[in-house]
Amino acid sequence: MADARFRCIVTVRIATQTKHRGAFFGPGPCELLYRIEELGSTVAAAKKMGISYSKARILIENLERELGYAVVIRKQGGKDNGSSRLTEEGKRFLALYQRLSDGINVLAQGMFAEVFGDYGQVPASTRQDLP
């Protein structure tokens, strides 16, 4: 039987932070913004991610405070009539962050291949032992 192999991959998680307050944007808030845009609701986005609505609001408020502009437009409307969507600035920030994250991951994968070469090939029979 041929030795099945798979390619190791390297991923880099990007977090945007301030010098004094720490991280305010990374994969979690990024997913939240994508979900808000997709679902049209902060409540639905939070539920889909398995976080509380209050945590979602705190993530958004922290992001808006650090950026100095609104990223989400919220329309209050009671039980079933509220909605949320990204502002144009929020969409632009999200697109720029995603571009940065994608680019860094491409560079990291290339660097991994350059540095490790064939060591990036791991026999499939041992991959369950990898963390």
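The values are calculated or read from the model by the stated rules, or taken from the named source; none is laboratory data. Computed from a predicted model, the values in this text were never measured in an experiment. So basically every Cβ, Gly included, is an ideal-geometry build from the backbone, and we count neighbours across all protein chains shown.
Structure notes:
- Top-ranked residue of the range 43-77 - restricted to ones that are out of contact with any Phe, Trp or Tyr (no Cβ under 8 Å at 6 or more places or on another chain), β-branched (Val, Ile, Thr) and over 17 Å from residue 15 (Cα atoms), ranked as surrounded by the fewest Cβ atoms within 10 Å (Cβ to Cβ): 73
- When residue 16 is tested against (1) surrounded by 14 or more Cβ atoms within 10 Å (Cβ to Cβ); (2) modelled with pLDDT of 95 or more; (3) hydroxyl-bearing (Ser, Thr, Tyr), only condition (2) is not met.
- Checked against the criterion of being hydrophobic (A, V, I, L, M, F, W, C), outside any loop (DSSP other than H, G, I, E, B), modelled with pLDDT under 75 and within 30 Å of residue 116 (Cα to Cα), the range 4-13 has at least one qualifying residue.
- Residue in the range 63-80 that is at pLDDT below 90, polar (S, T, N, Q) and more than 18 Å from the chain's Cα centre (by Cα) present: yes
- Residue among 77, 90 that is in a loop (DSSP other than H, G, I, E, B) and touching a strand residue (DSSP E or B) at 6+ places or on another chain (Cβ under 8 Å): 77
- In the range 83-99, the residues that are within 19 Å of residue 15 (Cβ to Cβ) form Cβ pairs under 7 Å with partners that are part of a helix (DSSP H, G or I) and modelled with pLDDT under 95, at six or more places apart or across chains, as follows: 93/67; 94/30; 97/30.
- Here the range 21-38 is the region considered, the condition is being of a type in the set (A, V, I, L, M, F, W, C) and buried (at least 17 other Cβ atoms within 10 Å of the Cβ), and the residue that is nearest to residue 83 (Cα to Cα) is 36.
- Residue in the range 37-47 that is assigned to a loop (DSSP other than H, G, I, E, B) and either at pLDDT below 80 or under 20 Å from residue 104 (Cα atoms) (or both) present: no
Yes or no, residue by residue, for (1) in contact with a Leu (Cβ under 6 Å, 6 or more places away or on another chain); (2) within 22 Å of residue 96 (Cα to Cα); (3) among the aromatic types (Phe, Trp, Tyr):
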site	(1), (2), (3)
27	no, yes, no
31	no, yes, no
34	no, yes, yes
42	no, yes, no
48	no, no, no
53	no, no, yes
60	no, yes, no
67	no, yes, no
73	no, yes, no
